[in-house]
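Derivation of every value follows stated rules applied to the coordinates shown; laboratory data play no part. This one's a predicted model, so the numbers in the text were calculated from it and none came from an experiment. Glycine also receives a Cβ, built like all others from the backbone with ideal geometry; neighbour counts cover every protein chain displayed.
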Amino acid sequence: MTSRPAARIQPDHAPSSPVRLERDGALARIVLAHAHTGNAFDLGFVRALRDAVAQLAHWTEEADSEKIEAVLLSAEGPNFSVGGDLRAFVAEQDAVGGYVREVAETAHEAVLGLAGLYVPVVAEVQGAVAGGAVGLTLTADLVVAARGAKVRLGYTALGLTPDCGASWLLPRLLGERRALDLLLTNRVLPAAEAEAWGLVNRVVDDAELPSAAEALARSLVDGHGLALSRAKLLVRGDRLDGLRDHLECEAEFIAAASARPRTRKAMEDFLAGTRPKRGHRAR
């Protein structure tokens, strides 16, 4: 069977959507395409991501001769994603809590959608993989990282709490000790260490990342689709209900945290490139 040319769908129908959905035969690609912001999560970005994932889920339910067999999640620019868009958060001022909650809840729809796909998902990550992008990456079944990639949660350094399923997925992948190490200390995890910990499956030279991830995704497309999807189901099981409930708690917690004056000041200081003074703690 000959593969069709890659077709682009922009979920919000804008001239340049922050997220692209492409189809190339039985391979689908979700591309984070807001490189100039570091693929930061603001409301427009996560809405486009949610809509792309919803369309993708529809594709996987098509007739056998047309359906998607694998998904490749990637990003344009030097960074996979810097996580939440702090500039957008700070700009909301007193309304920041409601805004952050809407961003989190919308992003969580995308996370649930990706986690619920029965076809294999490959993530291709480079540069910064931070904040909500960590949880997004963890929904993938296989992760290929550039050697220069760095993983950092970063939430608690600013007075925020995890979202996008990070606090649910990390303990299941790494165990509680390592999950808490990442969440409480905000340590930077280089790609090689992330591979050793089990956060990524393989690390390749930066220049080889696109071809290596594409080759892996293509090998899944060419495999026995039913066997692959059932193997995934056997490993991952029926765990979406637990994740769904946990995401609701994450959205509630990060919204409340973002509205605290001390957190708002920490975000402003971070954007200004300054450090908060010790000895004075606003609540």
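The calculated P(r) of segment 19-221, using every Cα pair and 5 Å bins from 0, goes 1, 8, 16, 21, 21, 17, 10, 4, 2, 0, 0 in percent. With N as its number of residues, segment 64-107 has a Cα radius of gyration that, divided by 2.2 N^0.38 Å, comes to 1.78. Of the residues Gly77, Gly127, Val144, the one whose Cα sits farthest toward the positive end of the charge dipole of the chain, with +1 on the Cβ of Lys and Arg and -1 on the Cβ of Asp and Glu, is Gly127. Taking Arg218, Arg20, Arg152 in turn, the Gaussian network model of the chain (Cα-Cα springs below 10 Å) assigns the largest fluctuation to Arg218.
Would you compute, from DSSP H runs of 4+ residues alone, the mean residue ellipticity of the chain at 222 nm, taking -39500 (n - 2.57) per run and dividing by the full residue count, rounded to the nearest 500?
Details: 11 runs with 133 residues, N = 283.
So the helix-based figure for the chain works out to -14500 deg cm²/dmol.
Can you give me the convex hull volume of the Cα atoms of segment 187-282, divided per residue and expressed in Å³? Numbers along the way, then the final one.
Numbers: hull volume 17.7 nm³, N = 96.
So the per-residue hull volume is 185 Å³.
The residue among Leu158, Ala54, Leu114 whose Cα reaches farthest toward the positive pole of the charge dipole of the chain, with charges on the beta-carbon of Lys, Arg, Asp and Glu, is Leu158. Taken over the Cα atoms of segment 231-273, the convex hull encloses 86 Å³ per residue.
Once you list every other residue whose beta carbon is under 14 Å from the beta carbon of Glu109, what net charge do they have if Lys and Arg are +1 and Asp and Glu are -1? Present the calculation step by step, with values, prior to reporting the outcome.
Working: positive: Arg47, Arg50, Arg101, Arg244; negative: Asp51, Glu102, Glu105, Asp163, Glu248, Glu250.
Neighbour charge sum, excluding Glu109 itself: -2.
Give the angle, between 0 and 90 degrees and rounded to the nearest 10, that separates the Cα long axis of helix 176-185 from the longest principal axis of the Cα atoms of the chain. It is inclined by approximately 50 degrees.
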